[in-house]
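The values are calculated or read from the model by the stated rules, or taken from the named source; none is laboratory data. The shown structure was predicted, so the numbers you read here are calculated from the model rather than taken from an experiment. Because the Cβ atoms are built from the backbone with ideal geometry, glycine has one as well, and the counts that use them run over all protein chains shown. Heads up: the accessible areas ignore ligands, DNA and RNA and are worked out on the full protein's heavy atoms, side chains in. Shrake-Rupley method; radii C 1.70, N 1.55, O 1.52, S 1.80 Å.
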Amino acid sequence: RPDLVSTHCAKAGALGRLAAWSLGLPVIYTPHYWSFTDGVPAGSARLYRWAERALAPFGDRVITVCEFDRQLAIRQRVVPAAKLVTVHNGMPDVAIDLRAEPKRSPATLTMVARFEPQKDHRSLLTGLAGLTRYPWQLDLIGDGPLLDATRQMADALGIADRVHFLGQRGDVAARLAQSQVYVLSSNWEGFPRSILEAMRAGLPVVASDVAGVSESVADGVTGYVIPRGDSELWRTRLEGLLSDPDLRARLGANGRARYEEEFTFARTLDRTMAVYQDVWNARDRSHTVARLIGHPAPISRHPPAP
């Protein structure tokens, strides 16, 4: 007998909203990115857009993790604007010994991402292939169906000796602390937590400019955003960072300050709880009004107590 149900991502969001609605419970849905967002293959996007429109009436509120996703839902007429609210992701802080030293050389670049069509390892690797005159290494953390193809790509580009495939790791914070630049090359995203982890560590971030990425990475201030698939700009931006340790340190410090101001776990928690309370209060008000005008409140479909 929960007071409120919170569902996350597309499949759980569909099943959870229908289940909560069937029991007369208030329900909130958080898509961590829309499955019809820019960059998703058109056929899949149409199907998911139709499904989200059909399911929208079964939820009380939708929390989007970035303003880009809120505006996308409004433009695509998927969810009424009154049901949408943006709460940016946030991350708990780490101990000071898990802060990075971006100024240290030679530079290690790190990317945390599954090897799957959503991610764009090709643009990153192609950009780095033109920078072999600088001493760098790239650590790729993650697993997935395109892992072998990415290994072959690094070999074909002549940089296999500099690209380290570390697999799934349980010590990502420690790996980031040993890094000097964080990179995330993607075809589509929502509001990536890995970027927040990197900013928390004090790293400059270079990432694809998709969905809500530019809401965390301030271009030229905390790092750089790169248009989807632009390997030439990847090369240019990374060359600037590889050749200038002071630039790495400055952008990394700015990123840490931005994390502290906007993306802490406490800030996300407070804003999320405010949405929960608002949904609960709205349900409570509707029950009160129903009683005052002489109509019964909506029947709760809670199962009987055992």
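Here are some notes:
- Members of region 186-226 that are of a type outside the set (Val, Ile, Thr) and closer than 21 Å to Leu157 by Cβ: Ser186, Asn187, Ala207, Ser208
- Sole residue being among the charged types (D, E, K, R), surrounded by 14 or more Cβ atoms within 10 Å (Cβ to Cβ) and touching a helix residue (DSSP H, G or I) at 6+ places or on another chain (Cβ under 8 Å), chosen from Arg151, Arg169, Arg114, Arg175: Arg169
- Yes/no for Leu124 being buried (at least 21 other Cβ atoms within 10 Å of the Cβ) and in contact with a helix residue (DSSP H, G or I) (Cβ under 9 Å, 6 or more places away or on another chain): yes
- Positions within region 154-209 being without any contact (Cβ under 8 Å) to a residue 24 or more places away in the chain and within 21 Å of Ile226 (Cα to Cα), in sequence order: Ile195, Asp209
- A Cβ distance below 8 Å, combined with a sequence gap of six or more or placement on separate chains, defines the contacts here; from region 75-104, residues that are more than 28 Å from Asp60 (Cβ to Cβ) and at pLDDT 95 or above reach residues that are in a loop (DSSP other than H, G, I, E, B) and open to solvent by 40 Å² or more (accessible area, probe 1.4 Å) in the pairs Ala100/Gln178.
- Selection within region 75-89 - open to solvent by less than 40 Å² (accessible area, probe 1.4 Å) and in a loop (DSSP other than H, G, I, E, B): Val78, Val79, Val87, Asn89
- Residue match in region 33-50 (condition: within 30 Å of Arg248 (Cβ to Cβ), among the hydrophobic types (A, V, I, L, M, F, W, C) and surrounded by 15 or more Cβ atoms within 10 Å (Cβ to Cβ)): no
- Thr64 fulfils the conditions (1) modelled with pLDDT of 95 or more; (2) open to solvent by 50 Å² or more (accessible area, probe 1.4 Å); (3) closer than 16 Å to Thr7 by Cβ; (4) not charged (D, E, K, R) except for a single criterion, (2).
- Listing of helices (runs of 4 or more DSSP H) fully contained in region 124-228 that carry 2 or more residues being touching a Phe, Trp or Tyr at 6+ places or on another chain (Cβ under 6 Å): 147-156, 193-200
- Residue match in region 217-231 (condition: out of contact with any Ser or Thr (no Cβ under 7 Å at 6 or more places or on another chain), aliphatic (A, V, I, L, M), under 19 Å from Leu196 (Cα atoms) and open to solvent by less than 60 Å² (accessible area, probe 1.4 Å)): yes
Listed here are the residues, each with its yes/no results for (1) within 30 Å of Thr236 (Cα to Cα); (2) of a type in the set (Ser, Thr, Tyr); (3) in contact with an Asp or Glu (Cβ under 6 Å, 6 or more places away or on another chain); (4) in a loop (DSSP other than H, G, I, E, B).
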site: Phe36; (1), (2), (3), (4): no, no, no, yes
site: Glu52; (1), (2), (3), (4): no, no, no, no
site: Leu55; (1), (2), (3), (4): no, no, no, no
site: Arg104; (1), (2), (3), (4): yes, no, no, yes
